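**Q** A single structure is presented below for examination.
No lab work stands behind these numbers, since they all come straight from the coordinates. Here the structure is a predicted model, which means the values were calculated and not measured. Backbone-built Cβ (ideal geometry, glycine too); neighbour counts: all protein chains shown.
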Amino acid sequence: MAAFSSLTDRLSNAFKHLKSKGKLSESDIDGTIREIRRALLDADVALDVVRSFTGRVRERALGAEVSQALNPAQQVVKIVNEELTSILGQGVDRPLNFAKNPPTVIMLAGLQGAGKTTLAGKLGYWLKDAGHTPLLVAADLQRPNAVTQLQVVGERAGVPVFAPEKGVQSDGGDAVSAPGETTGDPVQVARDSIALAHTKLYDTVIIDTAGRLGVDEVLMKQARDIRDAVNPDEILFVIDAMIGQDAVQTARAFDEGVDFTGVVLSKLDGDARGGAALSVASVTGKPILFASTGEGLKDFEVFHPDRMASRILD
Ligand code: GDP
């Protein structure tokens, strides 16, 4: 993944100096830790996260038992790998949480431009491909174009879209109509979509919500109201991996605001330096479920913490 190539290069350089050494001194370890610290900071990992990460690696490296199988340099690489994996998701894959009784409700939250609408299409496409019957819901009524944009995405994915105004429902091949009154209230739209899912047997409901350029209390409350109205099985916080150091503050605000259940990193195909992934995962302790890697419907991956950690250390 492009986002991590520079970090990958820098870390492997940090380890290169170790490789020739048979036995590591404390100053060898400290030299390596300094290089790891610089590499992480240059990748836009938040300072606090860098500090605690390098602190743990240093402590473990100094205390590492003499191993038959690994030379000291390999041991340091192993420790860094384990710590990266642990930050990225406690070392285990966390699959999407499906409801015991359908529909499974997935709510998307994040700043405007984070990639929520694009992700709604990708998730819908992915779920449909896996045999599910998803419904996309346009509960972003803040931006005039948002509803139309979701309809375009839904059409491309072949997934029906539920939208509030009469005459703008897209059917993605299957007629969908809004029950009851036409309304511009996103909370009501979300509620109606669940009722529709029950009657039309959609097994997954993906709710796109409004996002502003900055964290916005009014919209955060709106997201909370939607959450409380539909009780989602997943609240996915979508974050643009390119936002670098701002990732921590944004993630904290959404964590407090809606208490999301998982993270989706978007735009990992761009020239983001990958640090946002480490920062957000570390600061919120919430798992990263998916990575978005482009504008196409298939530019989407289930996130595997261990694989990502090894990729960073390649
Ligand atoms: P929203 O405001 O959160 O709904 O964000 P959008 O889904 O509208 O995405 C904002 C812009 O980012 C659009 O131009 C998308 O095509 C683009 N975008 C979304 N996800 C990705 C991604 O993973 N990679 C790239 N390169 N662009 C993306």
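**Q** When only alpha-carbon atoms count, how far does segment 214-285 stretch along each of its three principal axes, as whole angstroms with the largest first?
**A** The Cα atoms of segment 214-285 stretch 38, 23, 20 Å along their principal axes.
**Q** To the nearest 500 deg cm²/dmol, what mean residue ellipticity at 222 nm is calculated for the chain from DSSP H runs of n ≥ 4 alone, each contributing -39,500 (n - 2.57), summed and divided by the residues?
**A** Working: 11 runs with 152 residues, N = 314.
When only DSSP H runs of four or more count, the value is -15500 deg cm²/dmol.
**Q** For the chain, find the longest principal axis of its Cα atoms and tell me its angle to the long axis of helix 217-230, 0 to 90°, nearest 10.
**A** 70 degrees
**Q** Treat every Asp and Glu Cβ in the chain as -1 and every Lys and Arg Cβ as +1, leave all other atoms uncharged, and give the resulting dipole magnitude about the Cα centre to the nearest 20 debye. Please list the in-between numbers first.
**A** On the way: 34 positive and 42 negative charges, 179 e Å.
Charge dipole of the chain: 860 debye, to the nearest 20.
**Q** Mind jotting down the three principal axis lengths of segment 55-95 based on Cα atoms? Whole angstrom, largest first.
**A** Ordered largest first, segment 55-95 gives principal extents of 36, 23, 12 Å.
**Q** Distance cut-off 32 Å, Cα to Cα: go down the list LYS78/LYS267; LYS78/LYS122; LYS122/LYS200 and report the pairs above it.
**A** Working: LYS78/LYS267 28 Å; LYS78/LYS122 34 Å; LYS122/LYS200 22 Å.
The answer is LYS78/LYS122.
**Q** Pick out, from ASN97, SER27, LEU150, the residue whose Cα sits farthest towards the positive end of the charge dipole of the chain, with +1 on the Cβ of Lys and Arg and -1 on the Cβ of Asp and Glu.
**A** The Cα lying farthest towards the positive end belongs to SER27.
**Q** Determine, for LEU278, LEU119, LEU297, LEU47, the number of other Cβ atoms within 10 Å of each Cβ, and report the residues in order from fewest to most.
**A** Numbers: LEU278 27, LEU119 24, LEU297 19, LEU47 13.
The fewest-first ordering by Cβ neighbours comes to LEU47, LEU297, LEU119, LEU278.
**Q** A follow-up question, please. Any idea what angle helix 246-258 forms with the longest principal axis of the chain, computed on alpha-carbon atoms, 0 to 90 degrees, nearest 10?
**A** Long axis of 246-258 versus the principal axis of the chain: about 50 degrees.
**Q** Could you work out the relative contact order of the chain? I mean the mean sequence separation of Cα pairs under 8 Å and 6+ apart, divided by the number of residues, in percent.
**A** Values: 632 pairs, mean separation 79.3, N = 314.
Relative contact order here is 25 percent.
**Q** To continue, here is another question. Give me the log10 of I(q) over I(0) for the chain at q = 0.06, 0.09, 0.11 Å⁻¹, as the Debye formula computes it from C-alpha points; what are the numbers?
**A** Listed by q, the Debye log ratios stand at -0.24, -0.49, -0.68.
**Q** Can you grab the distance from the C-alpha centre of segment 23-91 to the C-alpha centre of segment 204-243, Å, no decimals?
**A** Centre-to-centre (Cα) distance: 35 Å.
**Q** Give the aspartates and glutamates reachable from LYS100 as a straight Cα distance under 15 Å; neighbours fewer than 8 places away on the same chain don't count.
**A** ASP203, ASP233, GLU234
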